[in-house]
Amino acid sequence: MVRRKFNALPGFGLTMGFTLFYLSAVVLVPLGGLLLRACETSPAEFWRLATTDRALAAYKLTFGASGCAAVANAVFGTLLAWVLVRYEFPGRRFIDAMVDFPFALPTAVAGLTLANLFAPQGWLGQFLVPLGIKGAYTSLGVVIALTFVGMPFVVRTLQPVLENLERDVEEAAASLGASRLRTFVSVIAPTLMPALLTGFALSFARAIGEYGSIVFISGNLPFKTEIAPYLIVMRLEEYDYAGAITLAVVLLIFSFVLLACINVLEQWANKFQR
Amino acid sequence: MAGTVTRKTTVGHRASQRGTEESPVIKWLLIAVALAFSAVFLLLPLINVFAQAFAKGLAYYHDSLWHPDSWAAIRLTLLVAAISVPLNVLFGVAAAWAIAKFEFRGKSLLITVIDLPFSVSPVVAGLMFVVLFGLQGFFGSWLDAHDLRIIYAVPGIVLATVFITFPFVARELIPVMQATGTEQEQAAMTLGANGWQTFWHVTLPSIKWGLVYGIILCNARAMGEFGAVSVVSGHITGQTDTMPLRVEKLYNEYNAPAAFAVASLLALLALLTLGVKTYMEWKQAREYERSQADSEAAKP
């Protein structure tokens, strides 16, 4: 028997077999089950359940707040990455390590502490609420929590790119007469753009699925501060399986589309790294 | 300040004359804004957890943690992590070995499937298992007939946690294994080692940092998972409440200091995870420097 590809190392059958078995049991079968159940509802019923007023309000909040949080993360994440890579200042190593804190912290704890901070008696809330900035039980609170959980993505995506930026390009721009601002806008920013977009998309995708931190800080008021995942849980508790599954499939479709976009973005960004 | 004639200088304030650095005013303004942002969004929430946990004093903190239901939650969290993390390590090693050391068609599809839990909302993940194993699910009546419970019981929590956390180890190991390539393993095999010996003595030492980092990330996520576990657990106090769920329950009972007490343990876990990660990165950098120095010294 002639094999087309010769694999010199052993263990392919064993590891591949185990991998496929594990993935099937944990991912593919449950996913298939969900999609199969979703097919039991007629398309008309599916559309009706997916576009109820409450569902539409939940989508608006989920996607709107995620978008705002991702933009905030893009801005501050770029700033943070720039400052961490380019400058030396006391506490730089500490902040660099702490950037991963939202990634490591359980989302429930994040929601709990942020809700407490921005509540009227909280450390920040006692100053902000009299100014009209209500962070807890509002959609602003949702944006704040999503900014927190998404923060590491932009910073960690930009840091390697910034570290590999060649200074001589900036020197060339300066020697040709560009001001520092002009150099940043015309030379540095375009180089960062692919990585920034990737970080933005990752932050956005993370924010859409986020559940734990939101349920503490938003108050979960229907039509006002109820996110789509929370609505799914509500439907489950009412034993409205069809409704819950419909919403889940809508979220899944959007997640997959976003995942495809992220893949394309990452491939585009990699082209500039070579 | 463009067009200034430059001298050969190293870094420092001269760099601003070279035109490659901002003026000190801008620089320190940016640093101040970045530090303020970090303080508000990173440090303040962390400090607040501990401040609120001890708000009613040390005795209350102690009693909150030793409450039987909280202690049951801690035990359950540890149990779930103790089951899911080793399983996921096994999977991660197997998948990384298959993906990094062999060529086959469908590899990118496999990697995409492995990345799936990152793009699926935790609630949707939990719902998937309810649809499969819940009373009205596909296997529901079979399970009920055999008096087995997966949903609203510990196996469901383990399953949901495994789903959410299995990519972590694999994603850490695949790049590392791909970077080391297959030459060392092939050399070992020509010297007569079998597969297991090769893996144990050649592969494992080269991936140890990635493996440790993957394990601690996987563990941190496994202990802290909320959304997926919330859907499958049934919130039965003392039985199917993990630590994050216990935090929610205490909070909903208006017992904020107790909620923060349990949360403080989870925050400590996060800090420990960060600490191990930083230490490992430092050690890895040291090893790299030492190997660079060795290869420099070895040059004739």
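Pairs, please: C-beta under 6 Å, at least 6 apart or cross-chain, first residue in a helix (DSSP H, G or I) and in region A:236-248, second of a type in the set (Ser, Thr, Tyr)?
A:242/A:41
Taking residue B:207, is it over 30 Å from residue B:48 (Cα atoms) and in contact with a Ser or Thr (Cβ under 8 Å, 6 or more places away or on another chain)?
yes
Take the residues in region B:100-132 that are over 29 Å from residue A:230 (Cβ atoms), within 8 Å of chain A (Cβ to nearest Cβ) and touching a helix residue (DSSP H, G or I) at 6+ places or on another chain (Cβ under 7 Å); name whichever of them is surrounded by the most Cβ atoms within 10 Å (Cβ to Cβ).
Only one residue tops the list, namely B:101.
Condition check ((1) basic (Lys, Arg); (2) more than 30 Å from residue A:219 (Cβ to Cβ); (3) surrounded by 16 or more Cβ atoms within 10 Å (Cβ to Cβ)) across all residues:
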| site | (1), (2), (3) |
| --- | --- |
| A:130 | no, no, no |
| A:133 | no, no, no |
| A:141 | no, no, yes |
| A:146 | no, no, yes |
| A:151 | no, no, yes |
| A:154 | no, no, yes |
| A:172 | no, yes, no |
| A:180 | yes, yes, yes |
| A:189 | no, yes, no |
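Return the residue satisfying two criteria in turn: it lies in region A:115-137 and is in contact (Cβ under 8 Å) with a residue 40 or more places away in the chain and either assigned to a loop (DSSP other than H, G, I, E, B) or out of contact with any Leu (no Cβ under 6 Å at 6 or more places or on another chain) (or both), and of such residues it is farthest from residue B:47 (Cα to Cα).
So, considering only residues that are in contact (Cβ under 8 Å) with a residue 40 or more places away in the chain and either assigned to a loop (DSSP other than H, G, I, E, B) or out of contact with any Leu (no Cβ under 6 Å at 6 or more places or on another chain) (or both), the one farthest from residue B:47 (Cα to Cα) is A:137.
If we scan region B:43-57, do we find a residue that is at the interface with another protein chain (Cβ under 7 Å from one of its Cβ atoms), within 30 Å of residue A:19 (Cβ to Cβ) and in contact with a helix residue (DSSP H, G or I) (Cβ under 9 Å, 6 or more places away or on another chain)?
The answer is no, given that none of the residues of region B:43-57 is at the interface with another protein chain (Cβ under 7 Å from one of its Cβ atoms), within 30 Å of residue A:19 (Cβ to Cβ) and in contact with a helix residue (DSSP H, G or I) (Cβ under 9 Å, 6 or more places away or on another chain).
Can you pull out the residues in region B:133-158 that are crowded, with 24+ Cβ neighbours inside 10 Å and among the hydrophobic types (A, V, I, L, M, F, W, C)?
B:133, B:151, B:157
Looking at (1) part of a helix (DSSP H, G or I); (2) at pLDDT below 85; (3) over 15 Å from the mean Cα position of the chain (by Cα); (4) away from chain B (no Cβ under 12 Å), which one does residue A:265 not meet, given that it meets all the others?
(3)
For every residue, the table says whether it meets (1) β-branched (Val, Ile, Thr); (2) free of Cβ contacts under 8 Å to residues at least 40 places away in the same chain; (3) touching a Gly at 6+ places or on another chain (Cβ under 6 Å).
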| residue | (1), (2), (3) |
| --- | --- |
| B:187 | no, yes, no |
| B:201 | no, yes, no |
| B:205 | no, yes, no |
| B:212 | yes, no, no |
| B:216 | yes, no, no |
| B:220 | no, no, no |
| B:227 | no, no, yes |
| B:230 | no, no, no |
| B:233 | no, no, no |
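Quick check on this structure: which one of A:52, A:113 is polar (S, T, N, Q) and within 23 Å of the chain's Cα centre (by Cα)?
Answer to the check: A:113.
Yes/no per residue for (1) in a helix (DSSP H, G or I); (2) aromatic (Phe, Trp, Tyr):
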{"site": "A:143", "(1), (2)": "yes, no"}
{"site": "A:153", "(1), (2)": "yes, yes"}
{"site": "A:186", "(1), (2)": "yes, no"}
{"site": "A:190", "(1), (2)": "yes, no"}
{"site": "A:226", "(1), (2)": "no, no"}
{"site": "A:230", "(1), (2)": "yes, yes"}
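Need a quick list: helices (runs of 4 or more DSSP H) entirely within region B:221-300 having at least 3 residues that are under 22 Å from the mean Cα position of the chain (by Cα) and surrounded by fewer than 23 Cβ atoms within 10 Å (Cβ to Cβ).
Passing ranges, in order: B:256-297.
Can you tell me how many residues in region B:117-134 are closer than 16 Å to residue B:167 by Cβ and β-branched (Val, Ile, Thr)?
Summing the residues that are closer than 16 Å to residue B:167 by Cβ and β-branched (Val, Ile, Thr) in region B:117-134 gives 2.
Mind listing whichever residues of region A:80-133 are acidic (Asp, Glu) and facing chain B (nearest Cβ under 7 Å)?
Matches in region A:80-133: A:100 only.
What helices (runs of 4 or more DSSP H) lie completely within region A:16-114 and have 2 or more residues being loosely packed, with under 15 Cβ neighbours inside 10 Å?
So the answer is A:29-39, A:43-50, A:53-86, A:92-98.
Table: residues versus (1) more than 28 Å from residue B:57 (Cα to Cα); (2) charged (D, E, K, R).
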{"position": "B:167", "(1), (2)": "yes, no"}
{"position": "B:185", "(1), (2)": "yes, yes"}
{"position": "B:206", "(1), (2)": "yes, no"}
{"position": "B:218", "(1), (2)": "yes, no"}
{"position": "B:230", "(1), (2)": "yes, no"}
{"position": "B:234", "(1), (2)": "yes, no"}
{"position": "B:252", "(1), (2)": "no, no"}
{"position": "B:259", "(1), (2)": "no, no"}
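The values are calculated or read from the model by the stated rules, or taken from the named source; none is laboratory data. From a predicted model like this one, the values you see are computed outputs, not experimental measurements. Note that each Cβ is placed from the backbone with ideal geometry, even for glycine, and that neighbours are counted across all protein chains shown.
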